[in-house]
Number of protein chains: 2
Amino acid sequence: MRSSAAGEAIVTLPPRCAACNVRDDALCATLEDAGLVALHGIGRRRTLPAGQVLVWSGDPNAICATVVSGVLKAMRAGPEGREHIVGLAFAGDFVGDLFADTANETIRVMTDAELCVYPRAALQKMLDAHPAMERLLLHRALGALDDARMWMLMLGRKAAGARIATFLLEMARRMGQPGPARFDLPMSRSEVGALLGMTIETVSRQMTSLKRRGVVALPGGRGVIILDRAQLARAAAG
Amino acid sequence: MRSSAAGEAIVTLPPRCAACNVRDDALCATLEDAGLVALHGIGRRRTLPAGQVLVWSGDPNAICATVVSGVLKAMRAGPEGREHIVGLAFAGDFVGDLFADTANETIRVMTDAELCVYPRAALQKMLDAHPAMERLLLHRALGALDDARMWMLMLGRKAAGARIATFLLEMARRMGQPGPARFDLPMSRSEVGALLGMTIETVSRQMTSLKRRGVVALPGGRGVIILDRAQLARAAAG
DNA sequence: ACGCGGATTTGATGCCGATCAAAGACCAGT
DNA sequence: ACTGGTCTTTGATCGGCATCAAATCCGCGT
């Protein structure tokens, strides 16, 4: 596999990393074995239950992390203390801000999650020695920017029904394995509202409407089955 | 200044760069003189009149640019062909996407502008030799992400009056020299609407309302004078 | 199985901003 | 100064979504 060709110093990969499901997607993918050992050395694996806060907005910005499994949300406070979700992070994604001294977003775990958490300063130091890692971070930042601008378009231009449809397609893309379009939403109705800029009641009504029209089925509290993808896509465009 | 300490090879700075007003803000700021000459070599200075399109969404993504003066907008098409502004670029900012093969935003000049335009491929090649330049791009990408998330919060949560107030404060910050809060908007009412997700009529009504309340004055078509910054800030929070 | 608490759904009403319409301001060119 | 065109302002009406309110569903511990 990746270790110890003839003549190289032999490096033992940490077992946790060798078996990691995001080994080839996350930051780690840019590192050769020795670099991976170094990264492993500064980080700590943590398991967090749903609801836990990783970073509080306003606190000193001390840590960044790689998402190994689970889904996280980044939130900012709007007027009247109402919170808005400005970003989601899935397995393989990087969360946190490498450069800000004060965190300006609260990062909270939506579903039980595993993370590799790194002290910001140490990670920053590694960056200087690993240009490929910095390149990946640049790619990730541009990807997050693309996401944010997609949501901007939705928030600025689309009606409630189209927002829900777009949201469901996006979640299917990110969560569902290719094939049967069945997945569980990683969030409650009220969190959907906080992401799409609408009330919980409107979220519910629009979902119900899609269900009544036979476009989706909604088994259990968070299950989603896309029955008619073409019509859902049409609704998303409207 | 920056050139030819004793013992160094003497490098002649291109006159255009030596006198450039964004020399210390833009990409160029990260380069020593020799690198600057190289960057100057791959780029071309262009003057574009208001309304001109730099990049069409959907076209092959061939160029990036540094804004020397003027203001540009990045747009995406929403439903029914209506366009939404997803980003602004001011003097010193970097525009374009270094990595996408197809441009997914149209970039248009809002006020007469000067740019340094670079072929994407050549710039990408320079990046490998200049880690400081890549670091700056990462910073810029994170800054753009921060902006985008600020607009998301507005579009998702704020009422029309608060959006206009926030917008005026933001423009004052970016365009006005510190001191008297007098500046000209770089865009028409309909462009304000395309940025804030509202119709031209609502933009007009909200601006008029601020004027009637004595919070701002609106001399000429695009002039803005902030008369009561505290009240404007209060309106922006609402 | 039962009862409790939170989340979701459903219902009724009112307001903000979109839409349609028209009048006024501003600018460039004659 | 006049004229045509575009941008902006103002007005009237309407609809979608927020808000307030209540019923129902669901998980969970006893």
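Go ahead and run the numbers for FRET between B:Thr199 and A:Val37, Cβ-Cβ distance against an R0 of 56 Å, rounding to 0.05. Walk me through the numbers before you get to the answer.
Values: r = 58 Å, r/R0 = 1.03.
Working from the Cβ atoms, E equals 0.45.
Can you list the residues, at least 5 places off or on another chain, whose amide H is less than 5 Å from the amide H of B:Val86, using H built in the peptide plane?
Excluding prolines and chain starts, which carry no amide H, the hits are B:Ala74, B:Met75, B:Arg76.
Based on the inverse mean of 1/r over its pairs of different Cα atoms, what is the Kirkwood hydrodynamic radius of chain A, in Å? Display every interim value, and only then the final one.
Working: mean 1/r = 0.0514 Å⁻¹.
Answer for chain A: a Kirkwood hydrodynamic radius of 19.5 Å.
Would you work out the charge dipole size for the protein assembly as shown about its Cα centre, treating the Cβ of every Lys and Arg as +1 and the Cβ of every Asp and Glu as -1, and quote it to the nearest 20 debye?
With Lys and Arg at +1 and Asp and Glu at -1, about 1840 debye.
Put a label point 7 Å from Cα along the Cβ direction on B:Asp147, then list its distances to the equivalent points in the other copies in nm, shortest first.
Label-point separations across copies, in nm and ascending: 2.0.
How much net charge surrounds A:Lys158 when only the other residues with a Cβ under 11 Å from the Cβ of A:Lys158 are counted, with Lys and Arg +1 and Asp and Glu -1? Each step should come with its number before you reach the end.
Numbers: positive: A:Arg157, A:Arg163, B:Arg82; negative: B:Glu80.
Net charge in that neighbourhood comes out at +2.
Looking only at A:Gly197, A:Gly78, A:Gly87, which one moves most when chain A is put into a Gaussian network model with springs between Cα atoms under 10 Å?
Of the options given, A:Gly78 has the highest mean-square fluctuation.
Could you put A:Ile200, B:Ile63 in order, starting from the residue whose Cβ has the fewest other Cβ atoms within 10 Å? Numbers along the way, then the final one.
Numbers: A:Ile200 14, B:Ile63 21.
Exposure proxy ranking, most exposed first: A:Ile200, B:Ile63.
So the label point sits 7 Å from Cα along the Cα-to-Cβ vector; using that for A:Ala100, what distances do you get to the other copies, in nanometres, sorted shortest first?
Spacings between copies for this position, smallest first, are 2.4 nm.
Which lysines have a Cα lying under 19 Å from the Cα of A:Lys158, excluding residues fewer than 8 positions away in the same chain?
B:Lys158
What is the protein assembly as shown by shape, rounded, prolate or oblate, if you read a ≥ b ≥ c off the alpha carbon gyration tensor as root eigenvalues and call it rounded for a/c under 1.5, prolate for a/b larger than b/c, and oblate otherwise?
oblate
Arrange A:Glu32, B:Glu170, B:Glu191 by Cβ neighbour counts within 10 Å, fewest through most, would you?
Details: A:Glu32 13, B:Glu170 16, B:Glu191 20.
Ordered by Cβ neighbours within 10 Å, fewest first: A:Glu32, B:Glu170, B:Glu191.
What percent does the relative contact order of the stretch A:89-214 come to when contacts are Cα pairs within less than 8 Å and at least six residues apart? Numbers along the way, then the final one.
Details: 46 pairs, mean separation 28.5, N = 126.
After rounding, I find 23 percent.
With the dipole of the protein assembly as shown worked out from charges on the C-beta (+1 for Lys and Arg, -1 for Asp and Glu) around the Cα centre, which of A:Val224, B:Ala132, B:Ile200 lies farthest toward the positive end?
B:Ile200
For the stretch A:62-84 and the stretch A:168-197, compute the distance between their C-alpha centroids and round to whole Å.
17 Å
Tell me the mean residue ellipticity at 222 nm calculated for chain A from its helices only (DSSP H runs of n ≥ 4, each -39500 (n - 2.57), averaged over every residue, nearest 500). Write out the running numbers ahead of the final one.
On the way: 8 runs with 97 residues, N = 238.
Result for chain A, helices only: -12500 deg cm²/dmol.
So, counting K/R as plus one and D/E as minus one, what does the shell of residues with Cβ under 13 Å around B:Cys116 add up to? Walk me through the numbers before you get to the answer.
Numbers: positive: B:Arg16, B:Arg23, B:Arg44, B:Arg45, B:Arg46; negative: B:Asp25, B:Asp93, B:Glu114.
Surrounding charge for B:Cys116 is +2.
Charges only on Cβ, +1 for Lys and Arg, -1 for Asp and Glu: so what's the dipole of the stretch A:15-154 about the Cα centre, in debye to the nearest 20?
Working: 14 positive and 17 negative charges, 46 e Å.
The dipole magnitude comes to about 220 debye.
Which whole-number percent is the relative contact order of the stretch A:15-154 (Cα, under 8 Å, 6+ apart)?
On the way: 244 pairs, mean separation 44.9, N = 140.
Normalised by residue count, the contact order of the stretch A:15-154 is 32 percent.
Where nothing but the Cβ of Lys and Arg (+1) and of Asp and Glu (-1) is charged, how large is the charge dipole of chain A around its Cα centre, in debye to the nearest 20? Before the final figure, lay out the partial values.
Details: 29 positive and 23 negative charges, 219 e Å.
It works out to roughly 1060 debye.
Give the order of B:Thr30, B:Thr208 when sorted by the count of other beta carbons within 10 angstrom, beginning with the fewest.
Working: B:Thr30 17, B:Thr208 11.
The fewest-first ordering by Cβ neighbours comes to B:Thr208, B:Thr30.
Can you list, shortest first in nanometers, how far A:Gly58 lies from the same residue in the other copies, with each label 7 Å from Cα toward Cβ?
Label-point separations across copies, in nm and ascending: 4.7.
Hey, what did chain B get for relative contact order, percent, Cα under 8 Å, at least 6 apart? Don't jump to the answer; show the numbers that get you there.
On the way: 369 pairs, mean separation 42.9, N = 238.
So the answer I get is 18 percent.
FYI, it's all coordinate maths here, none of it is from the lab. Everything quoted here is computed from the prediction, not taken from an experiment. No Cβ is skipped: glycine too gets one built from the backbone with ideal geometry, and neighbour counts run over all protein chains shown.
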